[in-house]
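Read the structure below first, then the notes.
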Amino acid sequence: MRDPAAESIGYGVEDLYIGQRLRALSRESGSSLIEFALCLPPLCLLLTGIFAFGITIGNYVTLTNAASVGAMSIAISRSQTLDPCATASSAVITSAPNLKSANLTFSLVLNGTTYSGTSCSATSYTTGSSGNLIQGKTAQLTVTYPCSLAVYKQNSFPSCVLTAKTAELIQ
C-alpha cells in the first residue's frame, strides 16, 4: 500500500493516517464541551433535589425522636407537673435543636382529652390536664413540622408537613 504521491513529498502512509486523525479530532473538539454544558444543569438539579430530600428525611428522624422523648417525659411526670403540655413541648424543643421551635405544633391526648399547643396548665395535680395523667392510661403526643422541598427556590410540595405521633403508658 504505497502511495507514490505521498512519498514524492516525503511523507509516509503512517504520516497521512495520523494527519487524517488529527483533522477528524479537530472537527469534534467542541462537542465534549457542548455535551458537558447540556448535561450539567440536569445533574445539578438532581443533586440539589437529593440534598433537599436528605435534609427533609433528617428533620423527620429528628422530629420522631423528639416526639418520643416528649411522650416519655409525660409518662414519668405524673404528680410532678401542673402543665403536661409545657413539659412535653420543652422536652421536644430541647431534643430537636436543629428544628425551628416556632414552627412546631403540639397535640396531646391524656385519658381521652385532647390538648393543643404548648400550654395546658391546671390548678392542682388532681384536676384539669394534670388530673388526666392517670397511671396505666395512655399519653399520646403528636408533633407536626412543616417541611420544605425547595430546589432552586421552586417548592414542588408546598403543603408538605412532617408528623410524628407517639404514645406512652403513664407511670
- Task: Please indicate, with yes or no, whether at least one residue in the range 100-108 is at pLDDT below 95 and among the β-branched types (Val, Ile, Thr).
- Result: no
- Considering residues that are in contact (Cβ under 8 Å) with a residue 12 or more places away in the chain, closer than 21 Å to Ser124 by Cα and in a loop (DSSP other than H, G, I, E, B), the number found within the range 76-109 is 7
- Message: So, in the range 115-159, how many residues would count as being part of a loop (DSSP other than H, G, I, E, B) and of a type outside the set (Val, Ile, Thr)?
- Response: 21
- Note on the structure: Just one listed residue, out of Gly112, Gly128, Gly70, Gly136, is buried (at least 17 other Cβ atoms within 10 Å of the Cβ) and at positive phi, and it is Gly128
- Query: Which condition breaks for Phe157 when tested against (1) among the aromatic types (Phe, Trp, Tyr); (2) modelled with pLDDT of 95 or more; (3) out of contact with any helix residue (DSSP H, G or I) (no Cβ under 8 Å at 6 or more places or on another chain)?
  - Reply: (2)
- Task: Select from the range 73-92 the residues that are under 29 Å from the mean Cα position of the chain (by Cα) and over 15 Å from Thr166 (Cβ atoms) and write down the one among them that is surrounded by the most Cβ atoms within 10 Å (Cβ to Cβ).
- Result: Ala86
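The values are calculated or read from the model by the stated rules, or taken from the named source; none is laboratory data. Predicted model, so just to flag it, every value in this text is computed and none were measured. We place every Cβ from the backbone using ideal geometry, glycine too, and count neighbours over all the protein chains shown.
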